[in-house]
Amino acid sequence: MRTAILGARVIDPASGLDQVSDLYIDGGKLIATGQAPTGFVADQTLDAQGLIAAPGLVDLSVALREPGYSRKGSIATETLAAAAGGVTSLCCPPFTKPVLDTSAVAELILDRAREAGHTKVFPIGALSKGLAGEQLAELVALRDAGCVAFGNGLDNFRSSRTLRRALEYAATFDLQVIFHSQDADLAEGGLAHEGPTASFLGLAGIPETAETVALARDLLLVEQSGVRAHFSQITSARGAELIANAQARGLPVTADVALYQLILTDEALIDFSSLYHVQPPLRSRADRDGLREAVKAGVISAIASHHQPHERDAKLAPFAATEPGISSVQLLLPLALSLVQDGLLDLPTLLARLSSGPATALRLPAGSLSVGGAADIVLFDAQASTVAGEQWYSKGSNCPFIGHCLPGAVRYTLVDGHISYQG
């Protein structure tokens, strides 16, 4: 299939390109920009006048819920929701049933993702068997099966010594480890950010130190082991400072933030709506401002959805008994564009944090519009708007933004030159 995309404003943060141009695709690859190659005849032409063409978004954390939690979502539904949000490549965490700690689970996920064909999927393997934090998973076998990195989520290792050994082993094979730094003892029983809002509502608090204490330890172990590390879901301004200090010292560390942490604060909990129940929790306005500055400066180089779809019943109980998480991948681009609308980031910087930044952090073959590379492209109208929830593809409707009018609308998502979503 030969495709011509004509008249778009092409923004490629990886190369610094930002100009009105044409794109030409053949055999799933981007073969030229600007002038059509000699003899090129398009099978289909997309009129992109007034649209922006950018690298397909790269989301570092999208829970696909399969295998094991089909009532919450499936690979087919959640990758379609991702494509509708402008995503062409995503990483799925290992919290499946069974846990993603064997080659068989990785292969199942990749097979079903290929069948669905909506996005490219890069599995993140479990760092420990069963995520129990006691024995190392078969990391090399998982890598060979397609896992691009390894993590244990918020499930802590039983001891710092065991974690150190895991990091040293990973470093030996140049495997990347993803940290979700939260001290289990300090966070135990907590539901919200420890502060005035939690006190007013009578909710058990999770202090900022639950993140910073664990983060400080993890950074020291990274320095000692030499492992390549990515810190996921940073929630506090102080945590972002610790990452910045580590980068200034030359540590090979990157970080991401959940998009909703850049928009919401703990004040959203005031009506006890379980839609705002997330782990780690929404933090203070000062933390949100600190995270925004870290994203602007590039200390946090990736913005991710941290999409966690749930069935309706999971959010119906009293706040403390509900399951944490927000279904948000379908709104990744429109929600992110609200940061541009509010003057926090310019458009090329935002697109860098959604494409080249995350791709570079995990060394994924994605996130750029390079000639000869895969034609993974999002075409969107920055002047249009999206009414969240008007068309909803995720199985999980646990999203506090449904009904909101958001800036921008995804018109086409192309994966390997194939239109996987058309809005």
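The values are calculated or read from the model by the stated rules, or taken from the named source; none is laboratory data. In this text, all values refer to a predicted model and were calculated from it rather than measured experimentally. Cβ: placed from backbone, ideal geometry, glycine included. Neighbour counts: every protein chain shown. Accessible surface is based on the protein model in full, side chains and every heavy atom, while ligands, DNA and RNA are left aside. Shrake-Rupley method; radii C 1.70, N 1.55, O 1.52, S 1.80 Å.
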Work through the residues other than GLY146 whose Cβ is under 12 Å from its Cβ and net out their charges, Lys, Arg +1 and Asp, Glu -1.
0
Show me the chymotrypsin sites (Phe, Trp or Tyr not before Pro) within the range 33-131 that DSSP assigns to loop and that have at most 16 other Cβ atoms within 10 Å of their Cβ.
PHE40
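Taking the highest mean first, how do the peptides 81-87, 242-248 order by number of other beta carbon atoms within 10 angstrom per residue?
Per-residue mean Cβ counts within 10 Å order the peptides as 81-87, 242-248.
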Equivalent ellipsoid, the range 1-131 (semi-axes from 5 times Cα gyration tensor eigenvalues, Å):
36, 15, 13
From the cross-link list LYS97/LYS395; LYS29/LYS97; LYS72/LYS120; LYS72/LYS129; LYS120/LYS395; LYS97/LYS120, the entries with a Cα-Cα span beyond 26 Å are LYS29/LYS97
Which value results when the Cα radius of gyration for the range 14-91 is divided by 2.2 N^0.38 Å?
1.46
Per q in 0.14, 0.27, 0.28, 0.29 1/Å, what log10 I(q)/I(0) does a Debye calculation on the alpha-carbon atoms of the range 186-252 return?
-0.48, -1.15, -1.21, -1.26
So the pair-distance distribution of the range 262-321, from every Cα-Cα distance in 10 Å bins, comes to percents of 19, 45, 26, 10, 0
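If you roll a 1.4 Å probe over the heavy atoms of the protein chains, what accessible area per residue do you get for the chain, in Å²?
In whole numbers, the chain has 38 Å² accessible per residue.
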For the chain, calculated [θ]222 nm from helices alone, where every DSSP H run of n ≥ 4 adds -39500 (n - 2.57):
-8000 deg cm²/dmol
Portion, in percent, of the accessible area of the range 1-122 that falls on carbon or sulfur, probe 1.4 Å
50
Along its principal axes, what span do the Cα atoms of the range 55-368 show, with the longest given first and each in whole Å?
49, 41, 40
Surrounding net charge for ILE5, when Lys and Arg each add one and Asp and Glu each subtract one, Cβ distance under 15 Å:
-4
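Determine the share of the range 145-208's accessible area contributed by carbon and sulfur atoms, expressed in whole percent, with a 1.4 angstrom probe.
Numbers: 1390 of 2920 Å².
Ligands and nucleic acids excluded, carbon and sulfur give 47 percent.
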Computing the accessible area with a 1.4 Å probe over protein heavy atoms, can you report the carbon and sulfur percentage for the range 227-266?
52
Calculate the length of the line joining the C-alpha centroid of the range 306-351 to that of the range 378-423, in whole Å.
13
Could the peptides 58-68, 288-298, 256-266, 158-168 be put in order, highest first, of the mean number of other beta-carbon atoms found within 10 Å of their residues?
58-68, 256-266, 288-298, 158-168
On each of the three principal axes the extent of the alpha-carbon atoms of the range 306-423, given in whole Å and largest first, is 52, 30, 28
Where Rh is the Kirkwood radius over Cα pairs, Rg/Rh for the range 238-368
0.99
